[in-house]
Amino acid sequence: MLEWMSDPAGWVALITLTAMEIVLGIDNIVFISVLVARLPKEQADKARVIGLGMALVFRVMLLFALTWIIGLTAPVISGFGLSLSWRDIILLVGGGFLIAKATHEIHAGMEGDPDENERPAPSAFLAAVAQIAVIDMVFSIDSIITAIGMVDDVSIMIAAVVVSMGVMFVASGPVSDFVSRHPTTKMLALSFLILIGASLVAESTGFHLPRGYIYSAMAFAAVVEVINVIAARNRKAKRAASSSG
């Protein structure tokens, strides 16, 4: 099962698949960062660890159910010019959930939602974990189907998933902290989630939007936002220096 470790082609496949899994995991990191932004620091870190842990468990479990995963691409519903598989239905529901959640969070941030502010901490924590679990399953299905299409060896898939989840775990902390410290970046992240949700809905109906376009737009917007944050910090420092002088 581990014969690929002595084969250079196996290592190339591992590196390629790991890179792909990390890229696909960006969506998951953004979603988790937004969800834990309202929680206290200790609960936010705990929810983040639980969320990424569930994502890893889901992916490994699905890898051992390859026959079932492959069957998810078989059409189960046809009509109105569409033919939907279970995978398509999961992507449709998951994309709709992302759009609805991001829209609700944007509305709460713009208008102020008293229910969100008054929600007891344990309830908020459990709600965040539950929502992370739901979206983890959606992203896991998409991730594993991509892995099946790229590599035949299950051990390579598992190794790539474990490594990519380790990278996501390390990256999610700084991303979550940055989002919580800068409210404008949370709005940007929510906009990303709407874009990602729309792409999942489109893909479920047979319209494939290359992820490269989405990630390029996200990267450009993120760079602009970082520049804005740095500029605001410099202006604040100058005002503080002038007032003290």
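For the stretch 91-102, does any single residue satisfy the condition of being exposed (fewer than 14 other Cβ atoms within 10 Å of the Cβ), modelled with pLDDT of 75 or more and not hydroxyl-bearing (Ser, Thr, Tyr)?
Checked the stretch 91-102: at least one residue is exposed (fewer than 14 other Cβ atoms within 10 Å of the Cβ), modelled with pLDDT of 75 or more and not hydroxyl-bearing (Ser, Thr, Tyr).
One residue is enough: does the stretch 180-194 have a residue meeting the conditions surrounded by 14 or more Cβ atoms within 10 Å (Cβ to Cβ), under 20 Å from residue 17 (Cα atoms) and out of contact with any Ser or Thr (no Cβ under 8 Å at 6 or more places or on another chain)?
No, the conditions are met nowhere in the stretch 180-194.
Out of curiosity, is residue 214 surrounded by 16 or more Cβ atoms within 10 Å (Cβ to Cβ), part of a helix (DSSP H, G or I), modelled with pLDDT of 80 or more and in contact with a Ser or Thr (Cβ under 8 Å, 6 or more places away or on another chain)?
So residue 214 fails the test.
Residues that are over 14 Å from residue 136 (Cβ atoms), of a type in the set (S, T, N, Q) and touching a residue at least 12 places away in the same chain (Cβ under 8 Å), at least 2 per element: which helices (runs of 4 or more DSSP H) completely within the stretch 1-71 meet that?
8-36
Any idea how many residues of the stretch 63-83 are touching a Ser or Thr at 6+ places or on another chain (Cβ under 7 Å) and at pLDDT 80 or above?
2
Within the set of pairs 6 or more residues apart or between chains, which connect a residue that is closer than 17 Å to residue 179 by Cα inside the stretch 208-225 to a residue that is among the β-branched types (Val, Ile, Thr) and part of a helix (DSSP H, G or I) with Cβ atoms less than 6 Å apart?
Correct list of pairs: 225/185.
Being among the hydrophobic types (A, V, I, L, M, F, W, C) and either closer than 24 Å to residue 170 by Cα or surrounded by 16 or more Cβ atoms within 10 Å (Cβ to Cβ) (or both): is that true of residue 63 here?
Yes, satisfied.
Taking the stated definitions as given, is residue 219 closer than 26 Å to residue 108 by Cα, small (Gly, Ala, Ser) and exposed (fewer than 14 other Cβ atoms within 10 Å of the Cβ)?
Taking the combined requirement at face value, the residue satisfies it.
Within the stretch 36-60, how many residues turn out to be closer than 18 Å to residue 21 by Cβ and touching a Leu at 6+ places or on another chain (Cβ under 7 Å)?
Residues flagged as closer than 18 Å to residue 21 by Cβ and touching a Leu at 6+ places or on another chain (Cβ under 7 Å) within the stretch 36-60 amount to 0.
When only residues in the stretch 109-129 that are within 14 Å of residue 34 (Cα to Cα) and modelled with pLDDT of 80 or more count, which is surrounded by the fewest Cβ atoms within 10 Å (Cβ to Cβ)?
127
Quick one: residue 106 ticks every box in (1) more than 14 Å from residue 140 (Cα to Cα); (2) surrounded by 18 or more Cβ atoms within 10 Å (Cβ to Cβ); (3) over 15 Å from the mean Cα position of the chain (by Cα); (4) among the β-branched types (Val, Ile, Thr) bar one, so which box is it?
Of the numbered conditions (1) more than 14 Å from residue 140 (Cα to Cα); (2) surrounded by 18 or more Cβ atoms within 10 Å (Cβ to Cβ); (3) over 15 Å from the mean Cα position of the chain (by Cα); (4) among the β-branched types (Val, Ile, Thr), the odd one out for residue 106 is (2).
Within the group 144, 158, which residue is among the β-branched types (Val, Ile, Thr), buried (at least 20 other Cβ atoms within 10 Å of the Cβ), modelled with pLDDT of 75 or more and out of contact with any Pro (no Cβ under 7 Å at 6 or more places or on another chain)?
The unique qualifying residue is 144.
Residue 206 fails exactly one of the following numbered conditions: (1) modelled with pLDDT of 80 or more; (2) assigned to a helix (DSSP H, G or I). What is the number of that condition?
For residue 206, the failing item is (2).
List the pairs whose first member sits in the stretch 185-202 and is within 13 Å of residue 221 (Cα to Cα) and among the β-branched types (Val, Ile, Thr), whose second member is in a helix (DSSP H, G or I) and modelled with pLDDT of 80 or more, and whose Cβ atoms are under 6 Å apart, counting only residues at least 6 apart or on separate chains?
As it stands, the answer is 185/225, since those pairs meet every condition given.
Those residues that are of a type in the set (A, V, I, L, M, F, W, C) and more than 19 Å from residue 189 (Cβ to Cβ), I need them from the stretch 8-43; list them, please.
9, 11, 12, 13, 14, 15, 17, 19, 20
The values are calculated or read from the model by the stated rules, or taken from the named source; none is laboratory data. Note that this is a predicted model, so its numbers are computed, not measured. Virtual Cβ from ideal backbone geometry, glycine too; neighbours counted across all protein chains shown.
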